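Heads up, the thing below is written out as structure tokens.
The values are calculated or read from the model by the stated rules, or taken from the named source; none is laboratory data. Not measured: the values here are computed from a predicted model. Calculation scope for accessible area: heavy atoms of the full protein, side chains included, ligands and nucleic acids excluded. Shrake-Rupley method; radii C 1.70, N 1.55, O 1.52, S 1.80 Å.
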Amino acid sequence: MDLQRIKYFLALSVELHYWKTAGKVNITQSALSRQIQSLESELGLQLFERNKRNVKLTPAGKFLKEKWEVELSELEYIHQFAKQLHLGERGTITIAHPDSISASIMPDILAKITEAFPQLQIKLVQVLYENQLEFLKNYKIDLAITRDITSEPGIMSKKIYTDHLALVVPLEHPFKRFEDLSAEKLRQQKFILPTNDGGSSYSEIIQALFKSYNFVPDVFLHSEFGSTIIALVRKGLGIAILPDSYMHHQSPGLRFIPLPFKTDLLINWRADDHNPVLANILKLVFGD
């Protein structure tokens, strides 16, 4: 059934006047009459009662008017929805990110995305270091924001931000500033550190810091979760080295002492992924 003929029928069912309706739908009165007659012939029923003065809907015409108005609105919604999917304005994207940026750059990134694409659904997850590439390659996540450089085939990476590392201590701790640190004093401390993942460039940066002081730390505990490390430091169980972005996490009772070591943040995605949603977000984040 021709959708345009249904639209002509609905327009005429409102105006009940051929000449006025023809003007509104931009066709001639005779062409409109032929379209309505063709629709009636296709349906095998009469839609309008006509005489020289009046046009009115038949009972069948009234019934179809009520039904088709609803159906047409739904079809237009479906078409618009599909168009937004095609353009990457709708859909769902899953982003993995480290806990450290939950209160620093992540809110800004999400604010940009939601302002540009208000119909987009976003899922935020946190994935262990050893699972990040597997989840990305297996389409369990669409973007991975990490502190680790990858040379994995099929994965694209680009830097978006740089943090400094910080020594995290309780407020009452004798370390007040960077100049208070020395190899001798650091040897006396118990450290609570992120899990030392083999091959992690982020772990290598932390180890480079210890090497610069020429000592091996006394590590009391390892954890994948920065928020846990912060809670343990606040409890006085040790001191930690974390990205300074944790300062945005509202951490009373702690002091963050900036260190001269940097840690980059990178966005990773599948090189062969042609999802328009992904393309839109990458363009938005990088401003390309």
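Here are a few things to note about the model shown:
- Carbon and sulfur %, accessible surface of the chain computed with the full protein complex present, 1.4 Å: 53
- Set of aspartates and glutamates near residue 56 by C-alpha distance (under 12 Å), chain-local residues within fewer than 8 positions excluded: 15
- Relative contact order (percent, whole number), the chain, Cα cutoff 8 Å, 6+ residue spacing: 23
- Computed from Cα atoms, the angle from the helix 59-87 axis to the main principal axis of the chain rounds to 30 degrees.
- Residues of type aspartates and glutamates that residue 283 reaches as a straight line, Cα spacing below 17 Å, ignoring anything fewer than 8 places off in the same chain: 89, 108, 115, 142, 272, 273
- Highest-MSF residue in the chain out of 208, 22, 82 [GNM, Cα springs under 10 Å]: 22
- Structure note, pairs 62/83; 7/67; 20/67: Cα-Cα distances above 20 angstrom occur for 62/83; 20/67.
- 58, 162, reordered so the largest accessible area comes first (probe 1.4 Å): 162, 58
- Pairs of lysine residues in the stretch 165-262 that meet both criteria, 8 or more places apart or on different chains and Cα atoms under 16 Å apart, total 4.
- Relative contact order of the stretch 203-288, taken over Cα pairs closer than 8 Å and 6 or more residues apart, is 25 percent.
- Its Cα gyration tensor gives the chain an equivalent ellipsoid. The semi-axes, each the square root of 5 times an eigenvalue, are 68, 18, 14 Å from largest down.
- Fluctuation leader among 158, 20, 52 - the chain, Gaussian network, Cα springs under 10 angstrom: 52
- Structure remark: mean-square fluctuation, Gaussian network model of the chain, C-alpha springs under 10 Å; the largest value among 141, 93, 78 belongs to 78.
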